[in-house]
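This report concerns only the one structure given below.
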Amino acid sequence: MSDAIASQTALLTAALARARRGDARGVHQARTTSRRLRELLPVADVAAPRAGALRARRELRRLTRALGTVRELDVAIAEFGGAASRAAWDRTAVRTVEQSLLAERDRAFADVAHKLGGADGDRLRTRLDAIAELVGGDPAPRVAERTLARRLRRRASRVLAAVEAAGTLYAPEQLHTVRIAVKKLRYSLEIARDAGALPIDAIVTSLKRQQDVLGRLHDFETLAARVRASAVGAGRRTALKIEEIALALDRECRELHATFLGHRDALSALAARASDEVARMLLGRGLPMIRIGAEGVGGRQARWRATREAGRAAHRTDVR
């Protein structure tokens, strides 16, 4: 657990350095790493209740949210550029939207630039390093597994509830809730997979595909809203052409919603498997929590080593 926090902290520090320079990939990686750390820290709090893990998690949440608008605009700019290259949209309308998106991105980045480094960033890194040191080795036997299993079940139940609440009608807010719930469940599954050396790559991959559909739907929803906002102050003809672009994006949203509905039952089944099958697997294997190396969450080699060591331990037991 200590190594997991330390390696993710190092990744976050490197990503923030790139993000400070305005690098879109750095912004994305910093946001993703902050989410992974937020999944690890509750387990660290169980191992070392006085380490301040939950306080650090709140700080990371603020960082994640601060980066959110910049990340959404980076995606909007990329998606709009790709869509404009494929469609025969009015050139003046396209330029107007692009200029609006770029200006909004500049303003959003200026608002959060101070959170990406300086004293705030240094304090957060120092706090995370201190937590990693206080956690030391693994938590008490079975504590980490039980904590992760509880989190998995809670995340899975939220996905099931969100899918049920979303129903079959096109409702952006409810679909956004489903997307967030699926994303959090996926992060929990990835950490459980790597920490417990669980053979659940197929489940994680399937859940990622479901998340991608919901993520793309959300991206086009927010892009359509920003496209419409860019029409303010434009001439009448340009404003009408911009509305045509927004309507095309609306149609894309409806098509993605239809895709989601086709996979709705499969998504619920994946959440149910996470709650039942994966959580029981995590609790029942009796494997020590492995240390996640510098490559961060997702290290296949670490999982292979843990499985090999477990096999050797079983063999020694049989010999005795």
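The figures follow:
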quantity: The listed residue being in the same structural domain as residue 129 (by TED's automatic domain parsing) and touching a residue at least 24 places away in the same chain (Cβ under 8 Å), out of 54, 102, 73; calculated: 73
quantity: Among the residues listed as 199, 172, the single one being over 20 Å from residue 33 (Cα atoms) and touching a helix residue (DSSP H, G or I) at 6+ places or on another chain (Cβ under 6 Å); calculated: 172
quantity: All positions within region 178-206 that are touching a Lys or Arg at 6+ places or on another chain (Cβ under 9 Å), in contact (Cβ under 8 Å) with a residue 12 or more places away in the chain and either not in a helix (DSSP H, G or I) or not aliphatic (A, V, I, L, M) (or both); calculated: 183, 184, 186, 187, 188, 190, 193, 194, 196, 197, 198, 200
quantity: Lone qualifier among 25, 21 - being within 19 Å of the chain's Cα centre (by Cα), of a type outside the set (A, V, I, L, M, F, W, C) and modelled with pLDDT of 85 or more; calculated: 25
quantity: Hits in region 47-58 - residues which are crowded, with 17+ Cβ neighbours inside 10 Å and in a helix (DSSP H, G or I); calculated: 47, 53, 56, 57
quantity: Residue list for region 257-302, restricted to those being at pLDDT below 85 and in contact with a helix residue (DSSP H, G or I) (Cβ under 6 Å, 6 or more places away or on another chain); calculated: 282, 283, 287, 289, 290, 291, 292, 293, 294, 296, 297
quantity: Verdict on residue 40 being crowded, with 22+ Cβ neighbours inside 10 Å, out of contact with any Leu (no Cβ under 7 Å at 6 or more places or on another chain) and either modelled with pLDDT under 90 or not assigned by TED's automatic domain parsing to the domain that holds residue 237 (or both); calculated: yes
quantity: Per-region count, region 101-112, residues buried (at least 19 other Cβ atoms within 10 Å of the Cβ) and farther than 15 Å from residue 228 by Cα; calculated: 3
quantity: Selection within region 217-231 - surrounded by fewer than 17 Cβ atoms within 10 Å (Cβ to Cβ) and under 16 Å from residue 102 (Cβ atoms); calculated: 229
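Residues checked against (1) under 27 Å from the mean Cα position of the chain (by Cα); (2) surrounded by fewer than 19 Cβ atoms within 10 Å (Cβ to Cβ); (3) of a type in the set (Gly, Ala, Ser):
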{"residue": "62", "(1), (2), (3)": "yes, yes, no"}
{"residue": "67", "(1), (2), (3)": "yes, no, no"}
{"residue": "78", "(1), (2), (3)": "yes, yes, yes"}
{"residue": "84", "(1), (2), (3)": "no, yes, yes"}
{"residue": "90", "(1), (2), (3)": "no, yes, no"}
{"residue": "99", "(1), (2), (3)": "no, yes, no"}
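The values are calculated or read from the model by the stated rules, or taken from the named source; none is laboratory data. Predicted model only: the values in this text are computed from it and were never measured. Backbone-built Cβ (ideal geometry, glycine too); neighbour counts: all protein chains shown.
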